[in-house]
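S.K.: My questions all concern the structure below.
Where a number appears in this text, it was derived from the coordinates with a stated rule and is not lab data. No experiment lies behind these values; they were computed from the predicted model shown. Here the Cβ is made from the backbone with ideal geometry for all residues, glycine too, and neighbour counts use every protein chain on show.
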Amino acid sequence: GSGVLTVAAAGGVDDHGDAAATLTEAFNYASATITADRVWTLPASVGLSAGDTVHVKAATINPTVGIIITPAGSQTIDGSATAIRLESSNGAVSLKYIALNTWMIF
């Protein structure tokens, strides 16, 4: 390597509350009880690099609802265009950007 250390914006923290949101390359969390299904969309592929990470953390989730983590555009998560759901209070998931439009659960 070149001996140069670079730090991405991944060190950030984003509060999304009980609402729909677009996730960022950061620690994304709900700061309020999730009262209805909330769609949280992964960031667009433009500007992302292999290895970028999105962390998602729920707060309290009312029964029968969840946080739906949705691919943006033609993205996939573990090879599928299907969204994933967090249904457990305080549940969490991390996703790694692997290649163009490709996320994997980490």
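S.K.: Please list, in order along segment 52-64, the HN-Hα scalar couplings obtained from phi with the Karplus expression 6.51 cos²θ - 1.76 cosθ + 1.60 (θ = phi - 60°), rounded to whole Hz, x for Gly and Pro.
M.R.: 4, 10, 10, 9, 10, 10, 8, 9, 6, 10, 4, x, 6
S.K.: Going by amide H atoms built from the backbone, whose H comes under 5 Å of the H on T41, apart from near neighbours?
M.R.: A21, T22, L23, T70
S.K.: Under 5 Å between amide H atoms, partner at least 5 residues away or on a different chain: which partners does S89 have, H built in plane at 1.01 Å?
M.R.: I61
S.K.: So for the chain, averaging the separation of alpha carbon pairs under 8 Å that are six or more residues apart and normalising by length, what relative contact order in percent results?
M.R.: For the chain, the relative contact order is 23 percent.
S.K.: Still on this model: Using only alpha carbons, build the gyration tensor for the chain and give me the equivalent ellipsoid semi-axes, biggest first, whole Å.
M.R.: 25, 16, 10
S.K.: Take every Cα-Cα pair in segment 64-106 and report what % of them are more than 16 Å apart.
M.R.: Result: 35 percent of Cα pairs exceed 16 Å.
S.K.: Sort 60-68, 45-53 for me by packing, meaning the mean count of neighbouring Cβ atoms within 10 Å per residue, highest on top.
M.R.: Taking the mean over residues of other Cβ atoms within 10 Å, the ranking is 60-68, 45-53.
S.K.: G17's amide H: which non-local residues (gap 5+, or another chain) put their own amide H closer than 5 Å, with H modeled 1.01 Å from N in plane and none for Pro or chain starts?
M.R.: S31, A32
S.K.: Moving on to the next point. Whole-Hz ³J(HN,Hα) for each residue in segment 89-106, computed from phi via Karplus 6.51 cos²θ - 1.76 cosθ + 1.60 with θ = phi - 60°, x for glycine and proline: what do you get?
M.R.: 4, 6, x, 8, 8, 10, 10, 10, 7, 9, 7, 3, 6, 10, 10, 10, 6, 10
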